[in-house]
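Asker: Please find one structure pasted underneath; my questions will follow.
The values are calculated or read from the model by the stated rules, or taken from the named source; none is laboratory data. Values in this document were obtained by computation on a predicted structure and should not be read as measured data. With ideal geometry, Cβ positions are generated from the backbone for all residues, glycine too; neighbour counts draw on all protein chains shown.
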Amino acid sequence: MVVTSQEQDILLRMQDDLRRALEKPPHQRRWVMVIDLRRCIGCHACTVACVAENKLPPGVVYRPVLEEEFGSYPNATRRFLPRPCMQCDNPPCTPVCPVHATYRDENGVVVVDYAQCIGCRYCITACPYAARTFDFGRVYTDGTAEAEGLILGRSRADDYERVANFEYGRPYERLRGEESPIGNVRKCHFCLHRLAAGMLPACTTTCIGRATMFGDANDPDSLVTEMIARTNVIRLKEELGTEPRVYYLV
């Protein structure tokens, strides 16, 4: 039996779209994310998946889900707005960096070079979407015996929270040093390391309502191209000229 695109789970369709996109040179594809706000139930599964995938410390969140209550009793309800980095085509965060540590890579994704970043946080101020956070080096086990390496005689070097996390296709030590993201600005990067391995971003695969879609907008047959052509699509603060790559269906 032939399964049509309408009957196929959109996650499987996005995986097919991703395979086609990866066959093209980076400059020929345009990664975009589409979030259907009508499907988002505010479960925060995407936030948790992102934290786990990127091993984020306390205070560093790449994909918060904003919540708003509206209406009046007895007709009050809530709505939810997942807000990753917008991956702007005209990002206001990159030109303010005095050491050029943040820039758009060959995929058009705004990235941060941890080895170059000096932690001045100018980019945090410049971002109109509050999509950047600073890594102060905190861990969830601070102040506990676990953090001091007192349980089972383990050393601090064996602490899970201090072993390397994997971003941008390479490991970064959770120790204070040249390769560490501690003392640097961090942000969503569309899970570039997963894309390179042929996998969709963690937030996309874990969305239980299939509210998050990802793919190549330069592919006329992709799901995201179909979605952003709809009349109910918006982008946040596009009047600023940032040209965000995250679209919302309302």
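Asker: Which one is surrounded by the most Cβ atoms within 10 Å (Cβ to Cβ) among residues in the range 120-137 that are among the hydrophobic types (A, V, I, L, M, F, W, C) and part of a loop (DSSP other than H, G, I, E, B)?
Answerer: Among those that are among the hydrophobic types (A, V, I, L, M, F, W, C) and part of a loop (DSSP other than H, G, I, E, B), it is ALA131.
Asker: How many of the residues making up the range 203-226 are surrounded by fewer than 22 Cβ atoms within 10 Å (Cβ to Cβ) and either assigned to a helix (DSSP H, G or I) or of a type outside the set (A, V, I, L, M, F, W, C) (or both)?
Answerer: 11
Asker: Follow-up. Confirm whether PRO91 is part of a loop (DSSP other than H, G, I, E, B), under 30 Å from GLU239 (Cα atoms), touching a helix residue (DSSP H, G or I) at 6+ places or on another chain (Cβ under 8 Å) and modelled with pLDDT of 95 or more.
Answerer: The answer is no for PRO91.
Let's see how each residue does on (1) under 30 Å from PRO220 (Cβ atoms); (2) free of Cβ contacts under 8 Å to residues at least 60 places away in the same chain; (3) surrounded by fewer than 13 Cβ atoms within 10 Å (Cβ to Cβ):
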{"site": "MET33", "(1), (2), (3)": "yes, no, no"}
{"site": "PRO74", "(1), (2), (3)": "no, yes, yes"}
{"site": "GLN87", "(1), (2), (3)": "yes, no, no"}
{"site": "VAL96", "(1), (2), (3)": "no, yes, no"}
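Asker: Starting from the range 205-227, take each residue that is without any contact (Cβ under 8 Å) to a residue 24 or more places away in the chain and under 21 Å from ASN107 (Cβ atoms) and list its partners that are among the hydrophobic types (A, V, I, L, M, F, W, C) and not in a strand (DSSP E or B), counting only C-beta distances under 7 angstrom and pairs at least six apart or across chains.
Answerer: That search, which allows pairs on different chains as well, returns THR225/ALA217.
Asker: In contact with a strand residue (DSSP E or B) (Cβ under 6 Å, 6 or more places away or on another chain), at pLDDT 80 or above and farther than 17 Å from GLY59 by Cβ: does that describe PRO181?
Answerer: Taking the combined requirement at face value, the residue does not satisfy it.
Asker: Quick one: count up the residues across the range 98-119 that are among the basic types (Lys, Arg) and loosely packed, with under 12 Cβ neighbours inside 10 Å.
Answerer: The qualifying residues number 0.
Asker: Do any residues in the range 118-130 that are basic (Lys, Arg) have Cβ atoms under 7 Å from those of residues that are surrounded by 14 or more Cβ atoms within 10 Å (Cβ to Cβ), where the two are at least six apart or on different chains, and which pairs are they?
Answerer: Going by the 7 Å Cβ cut-off, the qualifying pairs are ARG121/PHE134; ARG121/VAL185.
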